[in-house]
């Protein structure tokens, strides 16, 4: 037995740094969710809130119109709502002083398409200043509703980052 060659003890090789253990993958996933997931959820929640508020105000204005049937008041209320929504996405300075075609261009640029027909666009420009405007209420309300639905997915922060 003394003549038997005895080999030395061989330890297994140490693992390298790749692939990481499952705990490291879990930690990486948690960090990713903290960095990207939470801001995305906040954006989504904020947009939902803006959309819900705009829709709720629109329904309130529509209900008031059904009670009083005053077209001039309806048009003024909807004009104010449009300005408020636009100032949520842009600064007051960018939106509040706009008139005529520049106002219509701002509305179209916010949703990325033309939601208001030419008849309704003309009404938006001049209607709130008329004493007794004549227009198709259903067409106006449908155009407004389409515009509200087409609002961009945005967290409600100003596009240029400026304050009001």
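The values are calculated or read from the model by the stated rules, or taken from the named source; none is laboratory data. All values derive from a computational prediction rather than experimental measurement. Virtual Cβ from ideal backbone geometry, glycine too; neighbours counted across all protein chains shown.
Numbers below:
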{"read-out": "Selected residue [touching a helix residue (DSSP H, G or I) at 6+ places or on another chain (Cβ under 9 Å), over 22 Å from residue 152 (Cα atoms) and free of Cβ contacts under 8 Å to residues at least 24 places away in the same chain] from 66, 119", "value": "119"}
{"read-out": "Candidates 38, 59, 9 - the one that is exposed (fewer than 12 other Cβ atoms within 10 Å of the Cβ) and within 15 Å of residue 148 (Cα to Cα)", "value": "59"}
{"read-out": "Candidate set: the stretch 66-100, residues that are more than 24 Å from the chain's Cα centre (by Cα) and under 22 Å from residue 150 (Cβ atoms); chosen: the one modelled with the lowest pLDDT", "value": "100"}
{"read-out": "Hits in the stretch 127-148 (condition: surrounded by fewer than 15 Cβ atoms within 10 Å (Cβ to Cβ) and either modelled with pLDDT under 85 or outside any helix (DSSP H, G or I) (or both))", "value": "129, 130, 131, 132, 134, 136"}
